[in-house]
Every structure is written in structure tokens, then in C-alpha cells.
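> Got a structure here, written out as C-alpha cells. Questions coming.
Laboratory data are not the source of any read-out in this text; all were calculated from the coordinates shown. This structure is a prediction, so every number in the text was calculated from the model and none was measured. So basically every Cβ, Gly included, is an ideal-geometry build from the backbone, and we count neighbours across all protein chains shown.
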There are 2 protein chains.
Amino acid sequence: MKSRIEKVQAYLSENEIDAALITRNENLFYFTGSSPVLGGYLIITPDESTFFVPELEHEQAKEESSVPVEKFKKLDELYEHFKRFKVLGVEGSMSLSFSNQLKEKAEIKDLKIIDELIKESRIVKTPQEIEVIEAACKIADMAMMVALEEISEGKTEREIAAKMEYIMKTHGAEKPAFDTIIASGWRSALPHGVASDKRIEKGELVVIDEGALYGHYHSDITRTIVVGSPNEKQKEIYEIVLEAQKAAVEAAKPGMTAKELDSVARDIIKEYGYGDYFIHSLGHGVGLAIHEWPRVSQADETELKEGMVITIEPGIYIPKLGGVRIEDTVVITKNGARRLTKTERELI
Amino acid sequence: MKSRIEKVQAYLSENEIDAALITRNENLFYFTGSSPVLGGYLIITPDESTFFVPELEHEQAKEESSVPVEKFKKLDELYEHFKRFKVLGVEGSMSLSFSNQLKEKAEIKDLKIIDELIKESRIVKTPQEIEVIEAACKIADMAMMVALEEISEGKTEREIAAKMEYIMKTHGAEKPAFDTIIASGWRSALPHGVASDKRIEKGELVVIDEGALYGHYHSDITRTIVVGSPNEKQKEIYEIVLEAQKAAVEAAKPGMTAKELDSVARDIIKEYGYGDYFIHSLGHGVGLAIHEWPRVSQADETELKEGMVITIEPGIYIPKLGGVRIEDTVVITKNGARRLTKTERELI
């Protein structure tokens with residue numbers, strides 16, 4: 001089987017690109033096994049690859065990187081080195097400033113965006129990657145347990161998030177996978193209600209959406225609860241979201257498209273008359289980035305394959321009243337989706 | 001006095017730029033008072049300004065923004081809108097992908113990077129901004145107090161960091177200003193030793209470098225301690241770094257250049273024969289970004305002005321043996337530098 005670097009090299013030869021320049025930390029880690037704090041510059045040509053890192057990072061990168069490492073002091077040295085390339089493959093996220101410098105100082109004639117190649121490589125996870133994501137999901141489950149125990153009338157959203165993030169970190173997480181969302185009452189109708197100083201009140205819906213970054217990989221889980229007894233409306237939308245989420249987890253399998261999977265949940269919510277309140281896509285890929293490929297949405301016809309890791313997270317949001325979202329991170333296996341986040345879903 | 005937006009407008013007129021497009025969250029907050037989670041697009045022309053935000057963010061942006069807000073569904077609507085511009089001023093951090101889209105879909109002829117204009121505006125802080133940074137510094141001082149109390153033989157760096165970040169968050173911080181550094185023993189010789197699973201041992205130097213993000217602004221402080229009694233070498237380098245740090249804080253004043261300030265500390269460390277072990281610049285500006293202007297280094301001849309907020313953080317790093325760094329965030333006043341982080345510096 002071709003290595004990650006070999007796949008890039010084959011692509012370069014086929015597309016007449018002299019070299020690929022990789023600078024995003026997540027891609028540096030993916031291709032070399034090392035992601036220097038101060039940044040690095042990975043050059044892959046059809047024949048060789050070199051990982052340039054700042055002097056201060058040289059020792060550590062040499063230990064971690066599977067690609068030969070060279071140190072540099074100033075970017076000008078790199079520009080000089082890059083002058084032998086005319087056509088350079090780069091990440092689309094590269095800054096306009098840096099791309100201008102490459103044209104001016106390194107005299108690159110043409111910058112070709114190779115995001116598609118990186119996507120094709122990263123979208124299917126290896127068993128080793130899935131193991132790390134599963135470990136990140138375990139930490140997310142622990143943090144969720146803390147949230148379910150700690151949430152009560154009178155506490156602020158922020159103090160709950162603080163406890164959850166403390167548990168993540170003491171269980172090995174580098175940090176939260178994203179700003180922890182604790183959205184209570186009217187704020188639960190905001191799909192991105194980052195924990196605030198709002199106090200949680202009795203009878204409110206509380207959406208808890210969190211994840212951990214562990215070993216460079218992300219996890220993502222959402223649960224929704226009511227503080228005290230739910231009312232009829234809260235129960236109704238909870239049941240619909242739960243049905244949609246379970247149906248989508250059941251349905252997910254290799255060979256169907258991301259769009260088809262989105263439809264499984266969306267059709268159920270529509271049938272109950274809440275289609276206009278499910279205002280985002282069903283999910284997204286998870287890996288070295290918290291949001292990656294595929295997008296599980298009406299706009300993405302990517303075919304699901306064994307080894308893809310995605311979230312399944314339908315929601316219903318009723319302005320002012322509140323919202324419900326239930327989300328798991330799952331891996332696509334030949335037998336269907338396997339949940340990597342395992343917190344109980346019957347919470348209302 | 002001209003408003004922030006008016007300054008941009010004057011610049012556009014002088015430089016024959018049809019409009020500025022701002023998309024970085026920190027700049028959106030700076031110019032509008034709002035920074036939507038899902039992103040936004042601020043257009044400033046010489047005569048008017050409009051803040052485009054995704055539908056989901058419309059309500060909140062309307063409440064927060066000092067600039068008229070309009071919602072959009074798809075980027076294509078914006079490209080259509082931007083077609084009336086030929087020359088567009090943009091941030092240098094804009095992605096190559098997006099800049100390509102602006103050229104293709106919005107038919108922009110020329111993208112001019114306006115980072116210098118944004119720098120000129122943001123580099124000097126208003127009294128209101130300094131108040132928020134001072135509040136962020138208070139939280140950093142609290143977290144440092146926790147570190148000084150908690151660090152002891154046998155604990156891991158990560159569990160100390162977890163406690164510090166918990167205190168930050170429960171005291172109002174949105175999150176840590178950057179990945180908390182707890183670097184003990186040989187790791188203290190790494191200037192960026194993010195807290196790891198290493199256990200802290202007796203007799204080790206421990207560098208603690210941390211800050212809080214509060215109200216969109218950052219703080220930054222470093223202290224170094226020894227667990228137990230320091231040896232002669234540890235005492236020696238500590239005293240030198242402390243002398244250099246105090247001298248630079250004493251010397252900082254309006255009218256001198258950033259380079260001159262860097263030299264104050266660097267010369268002292270050189271005199272003691274440790275010049276080769278002070279392997280980074282003396283400091284950096286702090287504000288809506290953790291690292292901003294000026295760079296307090298040999299390469300930056302920016303004149304210090306009243307209202308600039310910078311760090312002063314000399315260090316000595318001896319590979320394998322360990323390192324010492326002492327850092328405060330300070331504001332330049334007409335009477336010199338005022339320390340915003342206030343934790344005691346005599347710790348060894």
C-alpha cells in the first residue's frame with residue numbers, strides 16, 4: 001500500500017506539479033508525525049521530501065518526524081530553496097500574504113491548491129486513527145457525565161463548562177475540541193450557544209455540546225436535558241430529535257451518500273412538521289480537524305466509506321422557547337455505524 | 001477624533017481603494033463590536049459600511065454591532081454584491097482559496113493588503129481596552145497563584161494546568177489565552193513547553209507561562225520557580241533574568257524604539273555571558289491577539305507610544321539543564337511602563 005507521502009508524490013507527477021508545500025499544523029502532523037509549535041514547512045517532490053523547521057524545534061521534530069528534517073533560521077533561506085520550483089501545490093488555507101511572498105521572493109509561477117488531494121487522503125481513517133478518536137470520545141463521555149451530574153438550578157453555564165474542561169484535561173486531553181457549548185433556556189435555541197454567565201433555571205432545556213482534543217484528534221458529542229420535569233412541548237421535540245438521531249445512526253452504512261444520510265433524519269423531522277426548525281446539516285467529518293469531510297448535508301454527495309468518522313446531530317430550535325440537539329461521533333464500518341461516544345441518549 | 005471606521009475610510013480615499021473587506025474575528029470585533037461564531041463580512045467604503053452576517057447570527061449581531069447589519073444565506077450573494085468594487089483592501093491572513101473566489105466570482109481586479117492600516121489603528125489601545133486587558137491580567141495573576149500553590153513533587157504538569165484553567169474560567173475567562181505552558185526540569189529549556197504528562201521532580205526549574213482571554217482581550221505572564229531548594233546555577237541564571245526583566249520594565253517609556261527596549265535586557269544578559277542562551281525576542285504586543293504589534297525585538301524599530309500594551313519577558317535556556325523566564329504584561333504610560341500582571345517576581 002502506498003504511504004501518505006507516496007500518494008502525494010503520485011499526484012504531483014500526474015498533475016505536473018513540481019512540489020507540494022504543506023504548512024498547516026494538522027497536515028504536518030498527518031504527513032510527518034510532528035507538528036512544531038512555531039510551525040514548519042514540508043516540501044514533497046515526486047522523488048523526495050524534506051521537513052523544514054525553525055532551529056528551536058529541530059531536536060523535537062527530528063525525534064518525531066518520519067520525514068527527513070532540516071532546520072532554518074529565516075524564511076528567506078526557504079524562499080531561496082523554493083526557487084527551483086515553478087509550479088507549487090499548496091493548501092487553500094495558505095494566507096494571501098504568504099502566497100504573495102512565494103511569488104515574489106521564491107519566484108513561484110503558479111500556486112495550485114491541492115486541498116482535494118489532502119481531503120481524499122484524510123477522509124478515510126486508519127484503524128490507528130480510529131483508536132485515537134475513540135479515546136478522545138471516551139474523554140468527551142466523561143465530561144458529559146460531569147455535566148449531567150453538575151447541572152442544576154442556579155449554577156452558571158460557565159461554571160459547568162469549567163468543571164467539564166477540568167475533567168477533560170486531567171484525563172489527558174490537550175484541550176477542549178472547541179469552545180464548550182452550554183446553552184440553557186432561550187439560549188438553547190442558538191445552535192452555537194457557547195457557555196456564558198447565564199444562570200440555569202428550573203424547567204429549562206439545556207444543550208450540552210462538547211468534545212476533547214486528544215493525541216491531535218477531536219471528539220464531538222451533544223446531549224440535551226431539562227432541569228426538573230419537562231413539559232409536553234419539550235418532551236415532544238426531544239422524542240422527535242431522538243427518533244431522527246437513532247434512525248440516522250441505524251441507517252448509516254458504506255455506499256450511501258452523505259446527502260442520503262442527512263435526508264434520513266431530515267425527513268423524519270419534516271414529517272412531524274418541524275423541518276423549518278432543523279436549521280443546520282446533520283453532521284460533519286471529525287478527525288485532525290473538528291469540522292472536516294464529509295459534510296453530512298444536502299450539498300455533499302460524497303459516498304460513505306468504511307473508516308470515515310462523522311457526527312450525527314439532528315436538532316430542532318424554536319426561537320425563544322428553546323432547542324434540542326442529540327449528537328454522537330460514529331465510525332462507518334462494513335456493518336454500519338458504530339457509536340464512539342456512548343453516553344445514554346434517553347435523558348428526557 | 002476620527003472613529004475607527006472613519007480612519008479606514010480616509011485611508012481608502014487616499015489610496016484609491018474602493019472598499020475594505022474585513023473577515024478576521026478579532027478585527028470584526030474591533031470595528032463593529034460583534035464577532036459572530038459563524039463568521040461575518042464587514043465592508044467599508046469611503047461613504048458607508050455594512051456588516052454581513054449569516055442568518056443564524058443576525059439577531060445577535062444587530063444587538064452588538066455599531067455598524068448596520070445585513071444577513072445573507074450564501075456567499076454567492078456577497079460575491080454579487082462585491083462586483084461593484086474593482087480594488088478591494090483585504091487582510092493579509094485571508095486564505096488563498098477565498099481570494100481566488102473574490103477574483104473569479106466577484107470579479108475583483110486587485111486585492112490590496114491593508115494590514116499596515118489595521119496595525120496602526122490597533123497598536124495603541126484606548127483606556128477602555130486597557131481596562132479590559134487589566135481585567136484579563138488579574139485573572140492570569142489568580143491562575144499563577146494557583147500554580148505557585150499547587151506545584152509540588154510528583155504532580156504532572158498537565159494537572160497543574162488543568163487547575164489553573166479551571167480558575168480562569170470560573171473567574172470569567174472565555175478560555176486560556178494560549179496553551180498553558182508548564183515546563184519542568186529539562187523541558188524548562190524549551191521556550192514553548194506546553195504542559196505535558198511529565199511529573200514534576202524535586203530540585204527542578206518550572207517555567208509557568210499562561211494568560212487568560214477575557215472580553216476578547218488577552219493577558220500573558222510567566223514565572224519560574226524551583227521545587228525545593230535551588231542550586232547555585234539555578235540561582236545565578238534566575239538573578240540575571242530578574243535583573244534584565246526589571247531593568248527593561250524600568251526603562252520602557254514613550255519615544256524609545258522596541259529595538260532599544262529589547263537591547264536593555266539583552267545587553268544585561270550578554271554582559272553576564274548568557275547572550276547565546278536568550279534565544280527569542282524580549283516581548284510582543286498584546287491585545288485582541290496574543291501576539292501582535294509591536295514586536296519587541298532587534299528587528300522592530302517601532303517607536304513606543306502611550307497606550308501600547310506589550311510583554312517584557314527575557315529568558316535564559318540551557319539545553320538539558322533547564323531555563324528561566326520572567327514575564328509581565330505592561331502598558332506604556334507617559335511616565336513609563338505600568339505592570340498589569342502583578343504576581344511577585346522574587347520567587348527563587
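> Rounded to the nearest 500, what is chain A's calculated 222 nm mean residue ellipticity when only DSSP H runs of at least 4 contribute -39500 (n - 2.57) each, over all residues? Working shown, then result.
Numbers: 10 runs with 123 residues, N = 348.
Result for chain A, helices only: -11000 deg cm²/dmol.
> Trypsin sites (Lys or Arg not before Pro) within the stretch B:22-120: which are DSSP loop residues with at most 15 other Cβ atoms inside 10 Å? Kindly include the intermediate steps, with their values, before the conclusion.
Numbers: sites: B:Arg24, B:Lys62, B:Lys71, B:Lys73, B:Lys74, B:Lys83, B:Arg84, B:Lys86, B:Lys103, B:Lys105, B:Lys109, B:Lys112, B:Lys119; in loops: B:Arg24, B:Lys73, B:Lys74, B:Lys83, B:Arg84, B:Lys86, B:Lys105, B:Lys109.
Those that pass, being in a loop and sparsely packed, are B:Lys73, B:Lys74, B:Lys83, B:Arg84, B:Lys86, B:Lys105, B:Lys109.
> Looking only at other chains, what is the average number of their beta-carbon atoms within 10 angstrom of each beta-carbon in B:87-96?
On the way: counts 0, 0, 0, 2, 3, 7, 5, 4, 8, 14.
Shielding by partners across B:87-96 averages 4.
> First check a/c for the stretch A:127-339, with a ≥ b ≥ c the square roots of the eigenvalues of its C-alpha gyration tensor; if it is under 1.5, answer rounded, and if not, answer prolate when a/b is larger than b/c or oblate otherwise. Present the calculation step by step, with values, prior to reporting the outcome.
Numbers: a/c = 2.17, a/b = 1.15, b/c = 1.88.
Oblate, since a/c reaches 1.5 and b/c is not below a/b.
> Could I ask something else about it? Taking the Cα centre of each part, how many Å lie between the stretch B:212-284 and the stretch B:148-177?
23 Å
> Looking at the calculated P(r) for the stretch B:267-348, what percent of the C-alpha pair distances fall above 19 Å?
Numbers: 1480 of 3321 pairs.
Summing the P(r) of the stretch B:267-348 above 19 Å gives 45 percent of all pairs.
> Then there is this: What is the ratio of the Cα radius of gyration of the stretch A:4-123 to 2.2 N^0.38 Å, with N the residue count, to two decimals? Can you show the working numbers first?
Values: Rg = 13.2 Å, N = 120, 2.2 N^0.38 = 13.6 Å.
For the stretch A:4-123, the normalised Cα radius of gyration is 0.97.
> Fewest first, what order do A:Val8, A:Val226, B:Val90 take by the number of other Cβ atoms within 10 Å? Numbers along the way, then the final one.
Values: A:Val8 26, A:Val226 20, B:Val90 23.
The fewest-first ordering by Cβ neighbours comes to A:Val226, B:Val90, A:Val8.
> For a footprinting-style exposure proxy, rank A:Ser49, B:Ser3 by other Cβ within 10 Å, fewest first. Write out the running numbers ahead of the final one.
On the way: A:Ser49 22, B:Ser3 10.
Listed from fewest to most nearby Cβ atoms, that is B:Ser3, A:Ser49.
> Could you list, bin by bin from short to long, the percent of Cα-Cα pairs of the protein assembly as shown in 10 Å steps?
Once binned at 10 Å, the Cα pair distances of the protein assembly as shown give 3, 13, 22, 27, 22, 10, 2, 0.
> Which of the GluC sites (Glu not before Pro) found in the stretch A:291-348 are loop residues per DSSP with 12 or fewer other Cβ atoms within 10 Å of their Cβ?
Numbers: sites: A:Glu292, A:Glu301, A:Glu303, A:Glu306, A:Glu327, A:Glu344, A:Glu346; in loops: A:Glu301, A:Glu306, A:Glu344, A:Glu346.
Listed in order of number, the matching sites are A:Glu301, A:Glu344, A:Glu346.
> Can you put B:Ser188, A:Ser65 in order, fewest other beta carbons within 10 Å first? Intermediate values should be presented prior to the final figure.
Working: B:Ser188 27, A:Ser65 22.
Least to most surrounded, the residues fall as A:Ser65, B:Ser188.
> Pull up the DSSP beta bridges for the protein assembly as shown and report the antiparallel fraction as a percent, rounded to 5. Intermediate values should be presented prior to the final figure.
On the way: 83 of 105 bridges.
Among the beta bridges of the protein assembly as shown, antiparallel pairing accounts for roughly 80 percent.
> Further question: List the pairs from B:Lys7/B:Lys305; A:Lys163/A:Lys198; A:Lys119/A:Lys175; A:Lys235/B:Lys71; A:Lys71/A:Lys112; A:Lys109/B:Lys86 whose alpha-carbon separation is above 21 Å, in the order I gave them. Write down the numbers at each step before the final one.
Details: B:Lys7/B:Lys305 19 Å; A:Lys163/A:Lys198 16 Å; A:Lys119/A:Lys175 24 Å; A:Lys235/B:Lys71 32 Å; A:Lys71/A:Lys112 26 Å; A:Lys109/B:Lys86 24 Å.
Correct reply: A:Lys119/A:Lys175; A:Lys235/B:Lys71; A:Lys71/A:Lys112; A:Lys109/B:Lys86.
> For A:Lys175, what residues show an amide H to amide H distance below 5 Å, using hydrogens built from the backbone and excluding near sequence neighbours?
The answer is A:Leu213.
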